[in-house]
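The values are calculated or read from the model by the stated rules, or taken from the named source; none is laboratory data. Note that the structure is a prediction, hence the values are computed from the model and not measured. Using ideal geometry, Cβ is built from the backbone for each residue, glycine included, and neighbour counts are taken over all protein chains shown.
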Amino acid sequence: MNWKKIAKVLLCVTLLLMLLVTYGCGQKATAPTPASGKQYTVGLSLASATNPFYMAMEKGIKQKAEELGINIRTVIAEEDVGRQVSGIEDLIVAKVDAILVSPISVDGLKVSYEAAKEAGIPAISIARSIANPELEAAFVGLDWYESGSVIGKWIADEIGGKGKVAMLAGPAGAYMVLRMTEAIKDVLAEHPGIEIVAELYSTHTKENGLRLAEDVLVANPDVDVIYCNNDELALGAVEAVEAAGRLGKVKVTGFNAVPGAVQSVREGRMAMTISLRPESWGKMAMEVVKNVLEGKHEGYLVEIDTLVVDYKNIAGLKTEDLQ
Amino acid sequence: MTDANLNSKTFQPNVDVAWNLRLINGIKRYLQSWDQLFLPACFLALLLFLTFSSPYFLTWANLRNVLLQTSILAIVATGMTFVIIGGGFDLSAGSVVALSGTAAALALLSFGVPVGILVGLLIGAAIGSFNGLLISKMNLSPFIVTLGTLVTARGLALSISGGHTVSNLPREFTVIGTGNLMGIPYPALIFIGVFVLGHIILKYTAFGVKIFAVGGNREAARLSGIKVEKIIMATFIICSLCASFAGLVLAGRIRAGEPTVGVFLELYAIAAVVLGGTSLKGGQGSLVKTLLGVLFIGVLQNGLNLLNVPYYWQQVAIGVVFVSAATIGALRAAR
């Protein structure tokens, strides 16, 4: 009988603690911060809470928000459209003044933007956008096709317009993936000496990068470049290249310049990545949100600055350059 | 204990025993009813807590939200309850949601709404039959079979759509996910309909009784003349049908066929069923319990968002609730 009693007491204590933590968190986050003028609350709907890129972006957003005296309410979608739609509904119910969204799907989130519009809440897209710009108050982002072209040109230059390229293209169906893949293929097609030997789709995880790159290396031992749609994939791919004993011969490219990737470039393992400076990006987005709230924003796309990080320029880069 | 014994002074000690027995039985009964009321009590506590800690929780707009948000999970969990009572479980449900929604979206763009809906449901029925056939006739483990269909259905959803979102669905279709009747969203009405129908089948038909019998003791059910394979197969078909129906509603709700939706949905559905108090061992449970489990998860997720709890803590909270439910289940079984 005794262990049952203990279990029951433990259970109650855990539940109580949880309630307290929940309550504490809720209190802290909704506590009004003194600021001049109207107290704004902005809803934030991000795609992921574990991707370092979004984590850095969230950090920038929250820092800037604190500076501007704006409250932030966050919901996370875990890369699931249904969950993101639900999260934005919760934000609308909580009567936020604006919503900053990084939409997972180009079309699937339209319904949420419409709901926000109906409630009179401006929706601003960050990092990703939807297919209906008329529903977005602004888009703080970059032209994926342009980014893809930059990578494509870097690859072509690096191998002198001749060689084999494998593509770990990212999650199938994502707009960013479609556009970047398209751009890279367009650039590489200008060089008849370049052959694309693989085009594989997966979500952005290290495990997938490792697994797919292993497959690529088995099927094409003489591959010259493995393009990866983001750093997580690239970091996995680098492991596979090292295991195959081809470090330095196979060039792995990433995207996002997360700390691990920058370190990898510094160590001469990963060849290149592109910094989107997510923290600055988040800060910039909050500026845009504030302008939208005050009716001062004009236009649609607010383009961010990116930076190529490769083994040639890494020595001269400072941490601030990448944030 | 006879009256003679109770009234006789010479048997005084027996009276004490009887009284003790009655007391113990009373306590047992009390504890049992406490068991039955535990989840409803927790749910009520959660509702009260949220009402006092968030000004937005007890508003019509939010309750409407909760109903809307839980509807997909509720429809999937209804089907899952059938499979679990029958002694199995179905991991493919989340992928079936994605595949049916995507396939229906593609079909209805080319052949019209009725064909689209039919295609969506037929896919559910086909996958359910496949699962059921292998599990009942070949006696394979539900784990490996439905894990296989989980991966396969997801792959099919991605390949038929080329990984793209299938958009521009006609309004006649999307109304099932976005319309409302006197302010109550259609998805909520649909889930209530599916739920009531399921409850009637499970509780008031011979078929329902047979599901319980098969889940409780397969051999005994077989010996008493129940066609066990057919029942098991039927539960899997019902589960996949519910999942594909949920897929249609979800496609209507996001107005697009999206091949990436519903990841982990099956696990949340199984959790909702178990949270309600239905045992994974099969043979017992009810849809009312499942409904409570579904609402609990829905309100919890909504409440955590409204309270602006950081996402990592949300995960911790949901996990703790699942483990607590399992613990309570174990305590109940041990008594």
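Each row is one residue, and each column tells you yes or no for (1) crowded, with 17+ Cβ neighbours inside 10 Å; (2) of a type in the set (Ser, Thr, Tyr); (3) touching a residue at least 60 places away in the same chain (Cβ under 8 Å); (4) in contact with a Gly (Cβ under 8 Å, 6 or more places away or on another chain).
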site: A:ALA183; (1), (2), (3), (4): yes, no, no, yes
site: A:PRO192; (1), (2), (3), (4): no, no, no, no
site: A:GLU195; (1), (2), (3), (4): no, no, no, yes
site: A:HIS204; (1), (2), (3), (4): yes, no, yes, yes
site: A:GLY209; (1), (2), (3), (4): yes, no, no, yes
site: A:ASP215; (1), (2), (3), (4): no, no, no, no
site: A:ASN220; (1), (2), (3), (4): yes, no, no, no
site: A:ILE226; (1), (2), (3), (4): yes, no, yes, no
site: A:ASN230; (1), (2), (3), (4): yes, no, yes, yes
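Can you pull out the residues in region B:158-187 that are in a loop (DSSP other than H, G, I, E, B), within 11 Å of chain A (Cβ to nearest Cβ) and under 21 Å from B:PRO114 (Cα atoms)? Within region B:158-187, B:THR165, B:SER167, B:ASN168, B:LEU169 meet the criteria. Among residues belonging to region B:302-317 that are facing chain A (nearest Cβ under 8 Å), free of Cβ contacts under 8 Å to residues at least 12 places away in the same chain and at negative phi, point out the one that is surrounded by the most Cβ atoms within 10 Å (Cβ to Cβ). Within region B:302-317, the match that is surrounded by the most Cβ atoms within 10 Å (Cβ to Cβ) is B:ASN305.
Here the helices (runs of 4 or more DSSP H) wholly within region B:47-144 that include at least 2 residues being of a type in the set (Phe, Trp, Tyr) and either in contact (Cβ under 8 Å) with a residue 40 or more places away in the chain or farther than 30 Å from B:LEU306 by Cα (or both) are B:60-85. The listed residues are B:VAL320, B:VAL273, B:VAL299, and the only one of them that is assigned to a helix (DSSP H, G or I), among the hydrophobic types (A, V, I, L, M, F, W, C), within 14 Å of chain A (Cβ to nearest Cβ) and touching a residue at least 60 places away in the same chain (Cβ under 8 Å) turns out to be B:VAL299. The set of residues in region A:208-232 that are in a helix (DSSP H, G or I) and farther than 20 Å from B:LEU158 by Cα comprises A:LEU210, A:ALA213, A:GLU214, A:ASP215, A:VAL216, A:LEU217, A:VAL218, A:ALA219, A:ASP231, A:GLU232. Within region B:175-200, the residues that satisfy the criterion of being among the β-branched types (Val, Ile, Thr), in contact (Cβ under 8 Å) with a residue 60 or more places away in the chain and surrounded by fewer than 18 Cβ atoms within 10 Å (Cβ to Cβ) are B:VAL175, B:ILE184. Exactly one residue out of B:ILE160, B:ILE123, B:ILE144 is surrounded by fewer than 24 Cβ atoms within 10 Å (Cβ to Cβ) and over 13 Å from B:GLU258 (Cα atoms): that is B:ILE144. Taking region B:31-58 as the range and being modelled with pLDDT under 90 and among the polar types (S, T, N, Q) as the test, the residues that pass are B:GLN32, B:SER33, B:GLN36, B:SER53, B:SER54.
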